[in-house]
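The values are calculated or read from the model by the stated rules, or taken from the named source; none is laboratory data. Keep in mind that this is a model prediction, so the values were computed, not measured. Don't worry about glycine lacking a Cβ; one is built from the backbone with ideal geometry, like all the others, and counts go over all protein chains shown. These accessible areas exclude ligands, DNA and RNA; they are computed on the full protein's heavy atoms, side chains included. Shrake-Rupley method; radii C 1.70, N 1.55, O 1.52, S 1.80 Å.
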Amino acid sequence: MSNIVDPLVGQIAARVRTERERRRWTLAQLAEASGVSQAMISRIERGESSPTAVVLGKLSAAFQLSVASLLALAEGTQDDTGGTAGVRRRADATEWRDPDTGYRRRQITGPQFPTEIAEIRLPAGAGVPYPAAAFAFVRQVVWVLDGHLTFHEGDTVHELDAGDTIELGEPTPRIFANTTDAECRYAVILTRGAQP
């Protein structure tokens, strides 16, 4: 069973609009804070456009949320179980796909769990850059499960293979890149630090 993209477009739209309105920002103010055009934000909020990972990175940075947090909040808007523990079946998981790169993300933990864990599948040849602000107020570990990940942390480049982990430090621009001809699968484990 696949529920890629469609269920999340509306949920992401609602979450972006909610986060903007919670801050009492206009579309113009969010565009200024994020560097994403007003027209694109409007299309995203109306559910007419699925944002790319890069656009989500810019929006999450403006909101002082991680991309994982923004997507986890969106995923929790449709079926928030109120924090009850239990089995989460793979077949029932919603997977978000970046329309530009084919990058796929599946949330492992529920919205009420204190640590966010997501599984990422980065296609061969794909790269996803994020601004430093997307990593503010979070502690994050990246754990490569399969394949090879070239991870740019500011000016430093880390070559990571299956089983390797990297604990991220202070916020800096980062790029997740797959320079190989095979998919790379990794997990992102995230906890929030000081609240914005």
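Details
- Charge sum, other residues only, whose C-beta stays under 13 Å from A182's C-beta, Lys/Arg counted +1 and Asp/Glu -1: -2
- Rg/Rg_ref, segment 144-196, where Rg_ref = 2.2 N^0.38 Å and atoms are Cα: 1.22
- Residue-normalised accessible area of segment 108-196, given per residue in Å² at a 1.4 Å probe: 48
- Within-15-Å neighbourhood charge of A162 [Cβ basis; K, R +1; D, E -1]: -4
- Take the Cα of D146, step 7 Å toward its Cβ, do the same at E159, and the gap between the two points is 2.2 nm.
- What a 1.4 Å probe finds exposed on the chain is 50% carbon and sulfur by accessible area, rounded to a whole percent.
- Counting all C-alpha pairs of the chain, share separated by more than 20 Å (%): 54
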